């Protein structure tokens, strides 16, 4: 990947909001503000960025839950 492509990925990952930030960043902190999250994304190498993309892909999947009870 070129450096321009990596920066494009970083830009997209930085736009993630809400609880997904904590899950993608993989931190133990209860809350991350935008600056802390951006610093984690900026410091990530290509391996960490790949893991972030994988986690984001899983979190954004449509999920279906089945509930049942015994009679």
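Every number here is computed from the coordinates shown, using simple stated rules; none is lab data. Values in this document were obtained by computation on a predicted structure and should not be read as measured data. Neighbour counts are summed over all protein chains in view; Cβ atoms, including those assigned to glycine, are modelled from backbone coordinates with ideal geometry.
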Can you give me the angle between helix 34-43 and the longest principal axis of the chain, using Cα atoms only, in degrees from 0 to 90, rounded to the nearest 10? 60
Using r as the Cβ-Cβ distance of residue 34 and residue 68, and R0 as 30 Å, what FRET efficiency do you calculate, to the nearest 0.05? 0.15
Calculate for the chain the 222 nm mean residue ellipticity that helices alone would give, adding -39,500 (n - 2.57) per DSSP H run of length 4 or more and normalising by residue count, nearest 500 deg cm²/dmol. -17500 deg cm²/dmol
Calculate how steeply helix 46-59 sits against the longest principal axis of the alpha-carbon atoms of the chain, using the helix alpha-carbon long axis, and give the answer as 0 to 90 degrees to the nearest 10. 30
Reported label for calculated Rg and Dmax of the Cα atoms in Å given (1) 26.2, 87; (2) 15.4, 60; (3) 11.4, 31: (2)
Using only Cα atoms, tell me the angle between helix 3-14 and the longest principal axis of the chain; keep it within 0 to 90° and round to the nearest 10. 40
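Stretch residue 7-residue 51 to full length: gain in nm at 0.36 nm per residue minus the Cα-Cα span?
The residue 7-residue 51 span can extend by a further 14.3 nm.
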